[in-house]
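Let me begin by presenting the structure, written as structure tokens, before commenting on it.
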Amino acid sequence: MYTWIDTDYYNSDGFLSDYSPTTTYGVRAVTVSIGAGAGESRAQASASQSWSYTIRDVVVHDQSDFSQELAKWWHDVAEDKAVGKDTYMIEPGATLRFPESGAKEWKEHYGIRYAKPPKWWGLGRNWHYTTESWIEVHIAMG
């Protein structure tokens, strides 16, 4: 499962402030914790939110890049485990920041590749993978 949020795709003033999760191996759950802060002079404000989701038999590859304003994850689901045979939901998150005035627009990508064993399954055989099916969404806030 491939997910990314391109913060400055439509608006070069947008930037990625925070994202989660980072790369994980061998854990059963991941906690996503993102936040933002703002203020002038002595007045400061901050907000954060946290949640968790199960990643048993799933490896999360963090492919994000702050220099590209890009939050990007690849959830590598173990095809031969229970998680690969059922519906699975991922819940990564990011905090995006835009100037107070002007457009607040970004692009999100959601993709998936499926795998199945060969018709004549045997030792040393490789899984067959589909090409990525995906949707990209243009999000704009007034």
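The values are calculated or read from the model by the stated rules, or taken from the named source; none is laboratory data. Small disclaimer: the values here were computed from a predicted structure and weren't measured. Cβ: placed from backbone, ideal geometry, glycine included. Neighbour counts: every protein chain shown. When the accessible area is computed, the model is the full protein with side chains, heavy atoms only, and any ligands, DNA or RNA have been set aside. Shrake-Rupley method; radii C 1.70, N 1.55, O 1.52, S 1.80 Å.
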Item to check | Reported label for calculated P(r) over Cα pairs in 10 Å bins from 0, in percent given [x] 9, 17, 16, 18, 20, 15, 4, 1; [y] 11, 33, 31, 16, 7, 2, 0; [z] 10, 31, 22, 10, 8, 8, 7, 4, 0 | outcome: [y]
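Where does each of 110, 19, 25 land when they are ordered by accessible area, with a 1.4 Å probe and the largest first?
25, 110, 19
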Item to check | GNM flexibility winner over the chain from 104, 119, 85 (Cα, springs under 10 Å) | outcome: 119
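Is segment 1-62 best put as rounded, prolate or oblate by its Cα gyration tensor, with a ≥ b ≥ c the root eigenvalues, rounded for a/c under 1.5, and otherwise prolate when a/b is larger than b/c, oblate when not? Mind showing how you got there, number by number?
Details: a/c = 3.88, a/b = 1.60, b/c = 2.43.
The shape class here is oblate.
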Checklist entry - Which ³J(HN,Hα) values in Hz, rounded to whole numbers, follow from the phi angles of segment 73-82 under the Karplus curve 6.51 cos²θ - 1.76 cosθ + 1.60, where θ = phi - 60° and Gly and Pro get x? => result 9, 10, 8, 8, 7, 5, 4, 8, 10, 4
Checklist entry - Considering the chain as a Gaussian network with a 10 Å cut-off on Cα pairs, which listed residue, 84, 37, 14, attains the greatest mean-square fluctuation? => result 37
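With a cut-off of 8 Å between alpha carbons and a minimum separation of six or more residues, what is the relative contact order of segment 1-45 in percent?
Values: 24 pairs, mean separation 10.7, N = 45.
Relative contact order of segment 1-45: 24 percent.
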Item to check | Charge tally in the Cβ shell below 12 Å around residue 61, where Lys, Arg are +1 and Asp, Glu are -1, residue 61 excluded | outcome: -1
Checklist entry - Between residue 40 and residue 140, what FRET efficiency follows from the Cβ-Cβ distance if R0 is 30 Å, with the result rounded to 0.05? => result 0.65
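With the contact rule set at Cα under 8 Å and sequence spacing of 6 or more, what percent relative contact order holds for segment 54-96? Show your work: numbers first, answer last.
On the way: 41 pairs, mean separation 14.0, N = 43.
About 33 percent, as a whole number.
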Checklist entry - About the Cα centre of segment 2-103, what is the dipole size in debye to 20, counting +1 per Lys and Arg Cβ and -1 per Asp and Glu Cβ, all else neutral? => result 380 debye
Item to check | Selected from 131, 87, 31 as most flexible by GNM, with the chain as the system and alpha-carbon contacts under 10 Å | outcome: 87
Next on the checklist: I'd like the accessible area for residue 134: 1.4 Å probe, protein heavy atoms, all chains in place, Å² to the nearest 10.
Outcome noted: 150 Å²
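Evaluate the relative contact order of segment 2-103 (contact order divided by residue number), counting alpha-carbon pairs under 8 angstrom at least 6 apart; express in whole percent.
On the way: 194 pairs, mean separation 37.1, N = 102.
Reported relative contact order: 36 percent.
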